[in-house]
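The values are calculated or read from the model by the stated rules, or taken from the named source; none is laboratory data. A quick note: this is a predicted structure, and the numbers were derived from the prediction, not measured. We place every Cβ from the backbone using ideal geometry, glycine too, and count neighbours over all the protein chains shown. With ligands, DNA and RNA removed, areas are computed over all heavy atoms of the protein, side chains included. Shrake-Rupley method; radii C 1.70, N 1.55, O 1.52, S 1.80 Å.
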Amino acid sequence: MKGIFITLEGADGSGKSSFAKGIAKELAELGILYTMTREPGGTEIGEQIRDILLDNDHEEMGFRAEALLYAASRAQHVKEVIRPALEAGHVVLCERYILSSIAYQGYGRRLGEEKILQINDFATDGLMPDLTLFFSVDPRHTLARKAGAPDRLEEEGAGFHGRVYEGYMQAVQRYPGKVVIIDATKPEEEVFRAGREALLRHLRGE
Ligand code: TYD
């Protein structure tokens, strides 16, 4: 495939979305073809799955169903958006991907990293990112400053979000060279600069 697949990862409120917005503007200015997308969602089917996943009324949802729904949304996303964009030579920037499932379902829900990797390998037919920018900040700090009503995942307690962060920290060690860790506790401009540097370095093949 000709394109480059880059994922943005990190806890809720870690600054992924602000980074995505800022960097999209720069890529456009540089004349680089890109596709910006996010999970869960990114397709019509995926957005419907997202609504099911984040609905606070779905208290009865089992952890396995949750993991499979994230994987189903991802399967559709890969087929309908990510692979075609990569084949067209785009830089694909995706907010959240398999690492989110490892952290939230594998560690947060305690389903285990191995099982999550297995279902996601099936869902994506083995498509892994070329580069991941991990915005590192403990979600127990950032959730407090998030505006609006919390969704089903955000509503989980500090224990859950602590395990998610722990999971991220464990999992990123397993992909040396593929994951750049960005200190997201720094001021917003500094976080942006660090992410931008890492991304442009990768695009230059450094
Ligand atoms: P979203 O509002 O997109 O989160 P944020 O803006 O903080 O990135 O909500 C997505 C939620 O779904 C978020 O709490 C993380 C969770 N999630 C998983 O649990 N597993 C996954 O595989 C993905 C992609 C997201």
- Message: Among the residues of region 14-38, what is the count of those that are under 12 Å from the mean Cα position of the chain (by Cα) and farther than 20 Å from Ala88 by Cβ?
- Response: 4
- Query: Out of region 71-129, which residues are over 24 Å from Leu199 (Cβ atoms) and in contact with a Lys or Arg (Cβ under 6 Å, 6 or more places away or on another chain)?
  - Reply: Tyr107, Gly108, Ala123
- State whether one or more residues within region 78-92 are closer than 30 Å to Arg140 by Cβ and either in contact with a His (Cβ under 9 Å, 6 or more places away or on another chain) or touching a residue at least 40 places away in the same chain (Cβ under 8 Å) (or both). no
- Task: Return the total of residues in region 77-89 being within 13 Å of the ligand (Cβ to nearest atom) and over 21 Å from Val179 (Cβ atoms).
- Result: 0
- Which of (1) more than 15 Å from the chain's Cα centre (by Cα); (2) within 16 Å of the ligand (Cβ to nearest atom); (3) buried (at least 16 other Cβ atoms within 10 Å of the Cβ) does Ala65 not meet, given it meets every other one? (3)
- Task: Keeping to region 109-122, report how many residues are over 15 Å from the mean Cα position of the chain (by Cα) and either more than 23 Å from Arg163 (Cβ to Cβ) or open to solvent by less than 20 Å² (accessible area, probe 1.4 Å) (or both).
- Result: 2
- Filter result for Gly148 (surrounded by fewer than 18 Cβ atoms within 10 Å (Cβ to Cβ), out of contact with any Lys or Arg (no Cβ under 9 Å at 6 or more places or on another chain) and at positive phi): yes
- Task: Find the helices (runs of 4 or more DSSP H) located wholly in region 109-206 whose residues include 3 or more that are away from the ligand (no atom under 12 Å from the Cβ) and modelled with pLDDT of 90 or more, and list them.
- Result: 113-124, 158-173, 188-203
- Query: Do any residues in region 151-163 that are under 11 Å from Pro139 (Cα atoms) have Cβ atoms under 9 Å from those of residues that are more than 10 Å from the ligand (Cβ to nearest atom) and open to solvent by 40 Å² or more (accessible area, probe 1.4 Å), where the two are at least six apart or on different chains, and which pairs are they?
  - Reply: Ala158/Arg140; His161/Arg140; Gly162/Arg140; Arg163/Tyr107; Arg163/Arg110
- State whether one or more residues within region 90-107 are surrounded by fewer than 17 Cβ atoms within 10 Å (Cβ to Cβ) and more than 11 Å from the ligand (Cβ to nearest atom). no
- When every residue in region 4-25 that is within 9 Å of the ligand (Cβ to nearest atom) and hydrophobic (A, V, I, L, M, F, W, C) is compared, the one surrounded by the fewest Cβ atoms within 10 Å (Cβ to Cβ) is Ala11
- In region 26-56, the residues that are within 13 Å of the ligand (Cβ to nearest atom), open to solvent by less than 50 Å² (accessible area, probe 1.4 Å) and of a type in the set (A, V, I, L, M, F, W, C): Ile49, Leu53, Leu54
